[in-house]
Amino acid sequence: MRYSLRQIEVFLEVARRESVSLAAKELAMSQSAVSEALADLESQFEVQLFDRRGRRLQLNGLGSALRSRAESLYAQAHELEQAFAMRAEIGLLRVGATLSIGNYLTAPLMARFMREHPGTRVTLDVANTEEIERKVLNFEIDVGLVEGEVQAPELTVTRWCDDELVVFCAPDHPYAKKRELSDQDLLEAPWIVRERGSGTRQAFEHAMHGILPELNLVLELQHTEAIKSAVRAGLGLGCVSRIALAEAFRHKGLIPCRVPQRDFRRGFFFVQHKHKYQSAGIKAWLELCKSQAQKSA
């Protein structure tokens, strides 16, 4: 074999970081050792895998084409190493989740997963759908849990479970006493909404089709709790996932508004790279998430 797994590891880390120095820090190697490993790999096959742009190294066409195969090879090699060592633990699982899912659903799933697989370490990146999509594409996370639309053709999207958005207001808001809200009510109210790029914003815009350009969007915030606080303070109406509002509705701190003429239903989805190797850890995580969704249905 004309390459080593260490060379593959270096290639993948430099691809993620686009920097020899950052890759060296992550791998606990010297910069010269990383540069040498990468140069040896390229020279052995007489290829160039990166375009050098100042201090940045960006994958070229060939490097991009080979990256997914290298990711799969390295993951399988790691799993084989564990089998040789007769270790049953899954090791590291990297999960990414959008804010509604990450803040309200993943903590108990992670706790159960680690109880069922002792020795496992799970990392969680919480960001909006756009950022989770980017991280999956860049192999920075193994699986994403998202609530918005994902467009990249390199990704597979699988429905996980159902969700819905809810329009809500403060207890002392005039709309709190209304049986239901008309489109005219929606147009007359100021709104506090999530930022563009989030799945919640996408679902909100779909639900408001036909009147969206006329809505008075006074605030765009990146965090659901900030939106709830702004609505509680009387700044306007909000619209976020029902799972984020259960506690507030239970204690009457916020009031749900019925908007029967608008469809706020949506789904939560698994997002994975098409060429990502399905390790035992990824399969176990997906099965756990699916079983939990079935119990909640």
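The values are calculated or read from the model by the stated rules, or taken from the named source; none is laboratory data. These figures come from a predicted structure and were not determined experimentally. With ideal geometry, Cβ positions are generated from the backbone for all residues, glycine too; neighbour counts draw on all protein chains shown.
Structure data summary
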read-out	value
Any pair with Cβ under 6 angstrom, 6 or more apart, that starts in segment 92-110 at a residue that is assigned by TED's automatic domain parsing to the domain that holds Gln292 and in a loop (DSSP other than H, G, I, E, B) and ends at one that is among the small types (Gly, Ala, Ser) and surrounded by 19 or more Cβ atoms within 10 Å (Cβ to Cβ)	Thr98/Gly199
All positions within segment 163-180 that are of a type in the set (Lys, Arg) and out of contact with any helix residue (DSSP H, G or I) (no Cβ under 8 Å at 6 or more places or on another chain)	Lys177, Arg179
Only one of Tyr74, Tyr104 that is of a type in the set (Phe, Trp, Tyr) and more than 17 Å from the chain's Cα centre (by Cα)	Tyr74
Count of segment 143-162 residues which are touching a helix residue (DSSP H, G or I) at 6+ places or on another chain (Cβ under 7 Å) and charged (D, E, K, R)	3
Within segment 261-285, tally of residues that are aliphatic (A, V, I, L, M) and either more than 18 Å from the chain's Cα centre (by Cα) or surrounded by fewer than 18 Cβ atoms within 10 Å (Cβ to Cβ) (or both)	2
Total residues in segment 207-217, condition free of Cβ contacts under 8 Å to residues at least 24 places away in the same chain and not in a loop (DSSP other than H, G, I, E, B)	2
Residue within segment 222-238 that is in contact (Cβ under 8 Å) with a residue 40 or more places away in the chain, part of a strand (DSSP E or B) and in contact with a Lys or Arg (Cβ under 8 Å, 6 or more places away or on another chain) present	yes
Residue match in segment 34-41 (condition: of a type in the set (Gly, Ala, Ser) and exposed (fewer than 14 other Cβ atoms within 10 Å of the Cβ))	yes
Members of segment 238-284 found to be of a type in the set (Phe, Trp, Tyr) and either under 30 Å from Ile227 (Cα atoms) or at pLDDT 95 or above (or both), listed by number	Phe249, Phe264, Phe268, Phe269, Phe270
Breaking point among (1) in contact with a helix residue (DSSP H, G or I) (Cβ under 7 Å, 6 or more places away or on another chain); (2) free of Cβ contacts under 8 Å to residues at least 60 places away in the same chain, for Arg134	(1)
Selected residue (criterion: nearest to Ala284 (Cα to Cα)) from residues of segment 129-153 that are among the hydrophobic types (A, V, I, L, M, F, W, C) and buried (at least 17 other Cβ atoms within 10 Å of the Cβ)	Val143
Complete set of residues in segment 146-205 that are part of a helix (DSSP H, G or I) and under 17 Å from the mean Cα position of the chain (by Cα)	Gly199, Thr200, Arg201, Gln202, Ala203
Lone qualifier among Val126, Val47 - being closer than 21 Å to Glu140 by Cα and surrounded by 12 or more Cβ atoms within 10 Å (Cβ to Cβ)	Val126
Any hit, segment 114-123, residues being closer than 30 Å to Ala226 by Cβ and part of a helix (DSSP H, G or I)	yes
Members of segment 239-282 that are in a helix (DSSP H, G or I) and not assigned by TED's automatic domain parsing to the domain that holds Ala176	Ala280, Gly281, Ile282
